[in-house]
1. Considering (1) surrounded by fewer than 21 Cβ atoms within 10 Å (Cβ to Cβ); (2) in contact (Cβ under 8 Å) with a residue 12 or more places away in the chain; (3) among the hydrophobic types (A, V, I, L, M, F, W, C), say which one Val330 fails and leave the rest.
2. Among what's in the stretch 337-385 and is polar (S, T, N, Q) and touching a helix residue (DSSP H, G or I) at 6+ places or on another chain (Cβ under 9 Å), pick the residue that is farthest from Asn50 (Cα to Cα).
3. Just give me the residues in the stretch 256-273 being in a loop (DSSP other than H, G, I, E, B), within 15 Å of the ligand (Cβ to nearest atom) and touching a Gly at 6+ places or on another chain (Cβ under 8 Å), in sequence order.
4. Is there any pair linking a residue in the stretch 263-284 that is among the charged types (D, E, K, R) to one that is in a loop (DSSP other than H, G, I, E, B), with Cβ under 6 Å and at least six apart or on different chains, and which?
5. What residue, among those in the stretch 186-240 that are among the polar types (S, T, N, Q) and within 16 Å of the ligand (Cβ to nearest atom), is farthest from Lys402 (Cα to Cα)?
6. Looking at Leu79 and the list (1) closer than 23 Å to Leu356 by Cβ; (2) more than 16 Å from the ligand (Cβ to nearest atom), which single condition is not satisfied?
7. Output the residues belonging to the stretch 93-141 that are part of a loop (DSSP other than H, G, I, E, B), among the hydroxyl-bearing types (Ser, Thr, Tyr) and more than 16 Å from the ligand (Cβ to nearest atom).
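Values quoted throughout were computed directly from the atomic coordinates according to the rules given, and no laboratory measurement underlies them. None of these values were measured; they are calculated from a predicted model. Glycine also receives a Cβ, built like all others from the backbone with ideal geometry; neighbour counts cover every protein chain displayed.
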Amino acid sequence: MNHDKITELRQRYLGPSLRFSYTEPLHIVKGKGQYLFSTDGQRYLDCVNNIQHVGHCHPKVVEAAKNQYEKLNTNTRYLDETIICYARDIIETMPDGLDICFFTNSGSEANDLALRIARNSAKNNETIVLDGAYHGNLSSLIEISPYKHNGPGGNGTPDHVHVIPMPDSFRGKFRGEGCTENYVQEVQKKINKIKMRSDTGFTFIFESLMGCGGQLIAPEGFFHKTTALVESSFGLCIADEVQIGFGRMGSHFWGFDSECIVPDIVTLGKSMGNGHPLSAVITTRELAEQFNNGMEYFNSFGGNPVSCAVGQAVMDVIKDEELQANASKVGAYLLDELESLHASHGIIGDIRGRGLFIGIELVKNSNLEPARKEAHIIVNQMKEKRVLLSTDGPDHNVIKIKPPMVFNKENADKLVNKLNETLSEL
Ligand SMILES: Cc1ncc(COP(=O)(O)O)c(C=O)c1O
């Protein structure tokens, strides 16, 4: 089918609230490693699909899926070696105490289950979240995602949800070095409010590096101090690793590790299955036992042997191809090269990142007016130069870079050169 025919059928059959990535949509027919190929045979450098973590269509992942599909696909109600070995391998990457795994099928499902586990123990649904956060598309998660419920079509923040300002030292409520304590105080205020309502527990859910929040790194020590405060106030911490986990940080396998914290619950997704729907909740035995309150937890597809074989192959490839070390090395190189653009392009307000998770915040002037329109134009022009990026952040003025982890130095050079060209043409 040609471009126009697919567009027509899409309009006829798919929900109108779905969006395209670019003004002129791409028709991609093949993927390999960090590259995508369009119908006309053009090769695009993919700098944004973090889901295809070990590279598009990695042969070992494809083979694992095929082999397991040919053998068996059931569910977690049977004894199965593939499922249990994979759960063990995931848990071995976690800090001591995070010993129990529940499998689910999407980041949203994982976060919903994490909330159920936490709220079951807290005995209430009071939840602290970061402004600008996105945790998924289920009703329970739109409620705790200011990115959505305070955006177009949203119904605002529900009464049981307590939003703290985004810990953003560049344009946030408190700026510059030394603002950590101010943000921690905001958390304290919300805890005080919750404690006035009831003396039971509560939940704090966060991404250690915010994705939809604009590839944001919190001021030093913020998460360490905040999670300590939450724990001493009998709250539970959920670390959402859906975007940032599996070695993307380079220095650490998990984002929360890079902030030196140990949460009570961790949620995984996206990259876990390299595009196959697979996610998980990891928690303590104590919380899992409390959740075992008589109601069976069953998930038709969560943890099926095919998904687990795929997940295992992803873990094996990360290790065998040393992709965490690659994220560290190439990410550091890319950050350095991007920094060199900073001085020559006034529109660049801030460049930040860790490993292969990088954001470039664009501003119009010294008042930090968000350059939203310009960010949109740049991403579309970069697409014309066969480099795929996207934008995010509350003002949609942050260019996101989160490529498949096989991204190399040559790719980094191409990205920086094309970006330099595009910024100069703006
Ligand atoms: C941090 C975070 N959590 C959860 C989700 C939801 O994951 P999914 O789209 O797989 O349901 C997303 C999706 O973008 C996300 O960025």
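1. It fails just one condition, (1).
2. Let us first name the residues in the stretch 337-385 that are polar (S, T, N, Q), namely 340, 344, 365-367, 380-381.
Filter once more, keeping what is touching a helix residue (DSSP H, G or I) at 6+ places or on another chain (Cβ under 9 Å): 340, 344, 381.
Working: Ser340: 25, Ser344: 29, Gln381: 21 Å.
For the stretch 337-385, the residue satisfying everything is Ser344.
3. Once the filter is applied, which keeps residues that are in a loop (DSSP other than H, G, I, E, B), within 15 Å of the ligand (Cβ to nearest atom) and touching a Gly at 6+ places or on another chain (Cβ under 8 Å), the stretch 256-273 yields only Gly269.
4. Pairs found: Lys270/Ile51; Lys270/Val242.
5. Filtering the stretch 186-240 for residues among the polar types (S, T, N, Q) gives 188, 192, 198, 200, 203, 208, 215, 226-227, 232-233.
Next, only the ones that are within 16 Å of the ligand (Cβ to nearest atom) stay: 203, 208, 215.
On the way: Thr203: 29, Ser208: 15, Gln215: 9 Å.
This residue is Thr203.
6. (1)
7. Start the filter on the stretch 93-141 by keeping residues that are part of a loop (DSSP other than H, G, I, E, B), which leaves 93-97, 105-106, 123-126, 131-138.
Okay, now just the ones that are also among the hydroxyl-bearing types (Ser, Thr, Tyr), so 93, 106, 134.
Once the filter is applied, which keeps residues that are part of a loop (DSSP other than H, G, I, E, B), among the hydroxyl-bearing types (Ser, Thr, Tyr) and more than 16 Å from the ligand (Cβ to nearest atom), the stretch 93-141 yields only Thr93.
A quick yes/no check of all residues on (1) buried (at least 20 other Cβ atoms within 10 Å of the Cβ); (2) within 21 Å of the chain's Cα centre (by Cα); (3) polar (S, T, N, Q):
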site: Ala325; (1), (2), (3): no, yes, no
site: Leu334; (1), (2), (3): yes, yes, no
site: Ile360; (1), (2), (3): yes, yes, no
site: Arg372; (1), (2), (3): no, no, no
site: Leu388; (1), (2), (3): yes, yes, no
site: Ile401; (1), (2), (3): yes, yes, no
site: Asn417; (1), (2), (3): no, no, yes
site: Asn420; (1), (2), (3): no, no, yes
